[in-house]
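Student: Before I ask anything, here is the structure I am working with.
The values are calculated or read from the model by the stated rules, or taken from the named source; none is laboratory data. Quick caveat, the model's predicted, so the values are computed rather than measured. No Cβ is skipped: glycine too gets one built from the backbone with ideal geometry, and neighbour counts run over all protein chains shown.
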2 protein chains.
Amino acid sequence: MSERVFSGATRIESVPGNDRGIAYGDGVFETMRAARGGIAWWPAHWTRLQEGARRLGITPPDPAFVRAQADELLADDDAVLKLIVTRGSGGRGYAPDAGAAPTWVLSRHALPPAAPAAGVVLRWCSTRLALQPALAGIKHCNRLEQVLARGEWNDPAAPDRDAFEGLMRSVEGDVVSATAANLFVLRTGRWWTPRIDRCGVAGVCRRWLLDDLDARESRLDVTDIETADAVFLCNAVRGILPVARLGTRTWTPHAQVAAARERLAQANPAFSAINPETT
Amino acid sequence: MSERVFSGATRIESVPGNDRGIAYGDGVFETMRAARGGIAWWPAHWTRLQEGARRLGITPPDPAFVRAQADELLADDDAVLKLIVTRGSGGRGYAPDAGAAPTWVLSRHALPPAAPAAGVVLRWCSTRLALQPALAGIKHCNRLEQVLARGEWNDPAAPDRDAFEGLMRSVEGDVVSATAANLFVLRTGRWWTPRIDRCGVAGVCRRWLLDDLDARESRLDVTDIETADAVFLCNAVRGILPVARLGTRTWTPHAQVAAARERLAQANPAFSAINPETT
């Protein structure tokens with residue numbers, strides 16, 4: 001992992017102790033996949049970051065400068081690129097300072113290990129997502145719910161401790177997403193994904209798939225997932241991840257999932273290398 | 001403002017860019033009042049921090065070492081002391097690392113200006129608090145709701161732009177707290193404060209007052225506040241702040257509030273200097 005930290009357009013050593021990112025999680029982030037220097041969906045990532053920053057009243061840095069720094073850091077490698085943008089340094093107190101220069105951190109990480117070719121195993125998380133329309137959709141830095149949920153299966157006594165991901169429900173019981181991925185299910189010949197109007201993150205890969213699959217957004221309950229004909233997770237680092245098992249329910253590989261992965265790999269070559277079949 | 005940053009027991013220059021505080025708001029904090037080197041309610045602050053850290057699975061630093069560093073930083077001054085404890089550095093991904101050394105930031109800030117002697121003006125915030133029992137009560141670092149709420153009256157067109165604080169309701173409409181203070185109301189001869197079992201922070205001053213006033217916790221709605229005989233805010237920096245106005249509703253000083261402030265000043269001399277009457 002290597003990283004660069006900036007305040008506005010100035011490179012700095014590390015993050016000041018009075019940064020509002022540390023104090024309040026007062027920022028937004030993007031996690032992207034880079035292949036041979038290209039960044040998959042860069043325009044979509046920047047658009048989402050900008051929209052989240054707008055809703056929070058954070059001034060993002062100059063996109064051309066960020067991209068130039070990212071390109072230098074990536075050095076044409078295959079990697080995961082993470083960008084965090086916080087509201088910048090601030091005094092004590094919640095009042096946001098409209099004039100603060102944003103702090104931003106670019107970091108390069110190794111690609112994750114390939115997911116199992118037969119599909120991933122999921123579990124149900126007990127930690128629920130609160131309903132907060134003011135923050136729904138934004139990839140913001142208030143992620144304690146996800147940290148608690150992901151921590152559930154660190155416990156040696158946890159069932160399905162080897163699960164790849166956990167599904168999270170809202171406090172009202174509807175299924176929203178995995179801790180770090182969106183969710184699609186095939187039902188009655190059509191693809192569905194949970195609405196993210198009350199909680200959850202509007203994933204960049206999810207957005208691509210909504211169009212590609214002509215999928216519909218809906219509230220989905222536990223039974224809707226467990227009785228689906230096919231289930232997959234998606235995010236901008238791993239692309240499409242077929243699901244093989246959730247609790248006692250198992251799924252065999254589905255032709256429609258394979259076809260969607262093929263289309264994704266063709267549209268975005270970064271994702272051809274990480275299909276389990278080919279690694 | 002001056003500050004010290006640590007990783008476990010080692011002092012460091014500033015916060016690493018890969019700290020989970022920045023990435024996820026993955027931490028807890030305390031804001032304390034120091035008078036002539038003493039720290040009001042230090043044991044209660046540490047107990048709350050420890051309990052919040054326990055619920056989040058964060059290992060707090062050694063309390064004696066933190067206190068020694070705080071005493072050095074305070075140098076017998078009257079000041080506000082803030083302590084942030086994050087889960088420490090981490091890779092990419094939500095999974096918490098049980099072995100990570102916590103990052104912690106101690107900072108000293110000037111005392112806030114005295115509040116108006118006649119009582120403070122409040123406004124209603126539109127930003128609502130989501131219901132999340134897993135995080136309720138904890139003074140954690142996921143504070144975007146408070147940042148958004150406090151930002152509402154930065155807008156030059158906002159009503160009551162000179163308000164001292166804003167009251168926040170949950171998504172269900174019950175009144176929970178101000179953005180950075182708890183709330184007590186006098187009704188039918190008894191003191192009440194909102195329950196903080198679904199959202200809100202279990203304030204240290206609130207805890208003291210629950211005992212001192214033999215107050216009860218309850219769900220309170222907007223009408224319960226507006227028709228109260230007396231209203232005050234409280235936190236561990238300012239003590240008790242009588243409320244003079246909320247929207248069109250005004251209150252005159254109330255003998256029971258003055259008496260509570262007198263008892264607080266006697267129990268905790270740090271708060272005698274900041275009573276509006278005496279500054």
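Student: Check A:Thr248, A:Thr223 and return the single one that is assigned by TED's automatic domain parsing to the domain that holds A:Cys141, farther than 27 Å from B:Gln132 by Cα and either surrounded by fewer than 18 Cβ atoms within 10 Å (Cβ to Cβ) or in contact (Cβ under 8 Å) with a residue 60 or more places away in the chain (or both).
Tutor: A:Thr248
Student: Condition check: surrounded by fewer than 21 Cβ atoms within 10 Å (Cβ to Cβ), out of contact with any His (no Cβ under 6 Å at 6 or more places or on another chain), within 11 Å of chain A (Cβ to nearest Cβ) and at pLDDT 95 or above. Does B:Arg54 satisfy that? Break it down stepwise before answering.
Tutor: Numbers: surrounded by fewer than 21 Cβ atoms within 10 Å (Cβ to Cβ): yes; out of contact with any His (no Cβ under 6 Å at 6 or more places or on another chain): yes; within 11 Å of chain A (Cβ to nearest Cβ): no; at pLDDT 95 or above: yes.
Taking the combined requirement at face value, the residue does not satisfy it.
Student: Further, regarding this structure: Take the stretch A:19-52 and flag every residue that is closer than 27 Å to A:Leu264 by Cβ and hydrophobic (A, V, I, L, M, F, W, C).
Tutor: A:Val28, A:Phe29, A:Met32, A:Ala34, A:Ala35, A:Ile39, A:Ala40, A:Trp41, A:Trp42, A:Ala44, A:Trp46, A:Leu49, listed by residue number.
Student: Within the stretch A:167-182, work out how many residues are within 9 Å of A:Cys125 (Cβ to Cβ) and not hydrophobic (A, V, I, L, M, F, W, C).
Tutor: Result for the stretch A:167-182: 2.
Student: Output yes when any residue across the stretch A:92-108 is in a helix (DSSP H, G or I) and either within 18 Å of A:Ala134 (Cα to Cα) or of a type outside the set (A, V, I, L, M, F, W, C) (or both), and no when none is.
Tutor: no
Student: For the stretch B:146-156, give me each residue that is within 17 Å of B:Arg169 (Cβ to Cβ) and more than 7 Å from every other protein chain (Cβ to nearest Cβ).
Tutor: If the condition is that a residue be within 17 Å of B:Arg169 (Cβ to Cβ) and more than 7 Å from every other protein chain (Cβ to nearest Cβ), then B:Ala149, B:Glu152, B:Trp153 are the ones that fit.
Student: While we're looking at this one, here's another question. Looking at the stretch A:1-39 only, could you name the residues that are among the aliphatic types (A, V, I, L, M), modelled with pLDDT of 95 or more and part of a loop (DSSP other than H, G, I, E, B)?
Tutor: Matches in the stretch A:1-39: A:Ala9 only.
Student: Residues B:Ala95, B:Ala136, B:Ala157: which one is hydrophobic (A, V, I, L, M, F, W, C) and under 21 Å from the mean Cα position of the chain (by Cα)?
Tutor: Only one candidate qualifies: B:Ala136.
Residue-by-condition table, conditions (1) over 16 Å from A:Gly151 (Cα atoms); (2) charged (D, E, K, R); (3) surrounded by fewer than 18 Cβ atoms within 10 Å (Cβ to Cβ); (4) not assigned by TED's automatic domain parsing to the domain that holds B:Thr103:
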{"site": "B:Asp19", "(1), (2), (3), (4)": "yes, yes, no, no"}
{"site": "B:Ile22", "(1), (2), (3), (4)": "yes, no, no, no"}
{"site": "B:Gly27", "(1), (2), (3), (4)": "no, no, no, no"}
{"site": "B:Arg33", "(1), (2), (3), (4)": "yes, yes, no, no"}
{"site": "B:Pro43", "(1), (2), (3), (4)": "yes, no, yes, no"}
{"site": "B:Ile58", "(1), (2), (3), (4)": "no, no, no, no"}
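Student: Can you tell which of B:Val243, B:Val204, B:Val176, B:Val257 is under 15 Å from the mean Cα position of the chain (by Cα) and closer than 30 Å to B:Asp78 by Cβ?
Tutor: So the residue among B:Val243, B:Val204, B:Val176, B:Val257 that is under 15 Å from the mean Cα position of the chain (by Cα) and closer than 30 Å to B:Asp78 by Cβ is B:Val204.
Student: Let me ask something else. Given (1) modelled with pLDDT under 90; (2) surrounded by 16 or more Cβ atoms within 10 Å (Cβ to Cβ); (3) within 10 Å of chain B (Cβ to nearest Cβ), where does A:Ala98 come up short, assuming only one miss?
Tutor: (2)
Student: Consider B:Phe164 carefully, then state whether it is in the same structural domain as B:Trp124 (by TED's automatic domain parsing), crowded, with 23+ Cβ neighbours inside 10 Å and not polar (S, T, N, Q).
Tutor: Taking the combined requirement at face value, the residue does not satisfy it.
Student: The conditions are (1) at pLDDT 95 or above; (2) surrounded by fewer than 16 Cβ atoms within 10 Å (Cβ to Cβ), and A:Val85 fails exactly one of them. Which is it?
Tutor: With respect to (1) at pLDDT 95 or above; (2) surrounded by fewer than 16 Cβ atoms within 10 Å (Cβ to Cβ), A:Val85 is out only on (2).
Student: Determine whether the stretch A:5-13 contains at least one residue that is touching a residue at least 12 places away in the same chain (Cβ under 8 Å) and farther than 28 Å from B:Val105 by Cα.
Tutor: Checked against the condition, which is being touching a residue at least 12 places away in the same chain (Cβ under 8 Å) and farther than 28 Å from B:Val105 by Cα, the stretch A:5-13 yields no hits at all.
Student: Quick check on my filter: what residues within the stretch A:168-197 are within 13 Å of chain B (Cβ to nearest Cβ) and basic (Lys, Arg)?
Tutor: Scanning the stretch A:168-197 gives a single hit, A:Arg169.
Student: Report, by residue number, each residue of the stretch A:16-43 that is closer than 19 Å to A:Ser272 by Cα and touching a helix residue (DSSP H, G or I) at 6+ places or on another chain (Cβ under 6 Å).
Tutor: Across the stretch A:16-43, the qualifying residues are A:Met32, A:Arg33, A:Ala34, A:Ala35, A:Gly37, A:Ala40, A:Trp41.
Student: Count, please, the residues in the stretch B:6-51 that happen to be within 14 Å of another protein chain (Cβ to nearest Cβ), farther than 13 Å from B:Val85 by Cβ and among the hydrophobic types (A, V, I, L, M, F, W, C).
Tutor: Looking only at that region, the number is 5.
Student: Between residues in the stretch A:67-94 that are under 26 Å from B:Ser2 (Cβ atoms) and facing chain B (nearest Cβ under 7 Å) and residues that are basic (Lys, Arg) and part of a loop (DSSP other than H, G, I, E, B), which pairs lie under 7 Å by C-beta distance while being six or more apart or on different chains?
Tutor: A:Tyr94/B:Arg143
Student: Being charged (D, E, K, R), under 19 Å from the mean Cα position of the chain (by Cα) and closer than 18 Å to A:Arg55 by Cα narrows it down to one residue among B:Arg169, B:Arg143; which is it?
Tutor: Unique residue meeting the criteria: B:Arg143.
Student: Does B:Asp214 satisfy the condition of being more than 25 Å from B:Thr127 (Cβ to Cβ) and without any contact (Cβ under 8 Å) to a residue 40 or more places away in the chain?
Tutor: Yes, satisfied.
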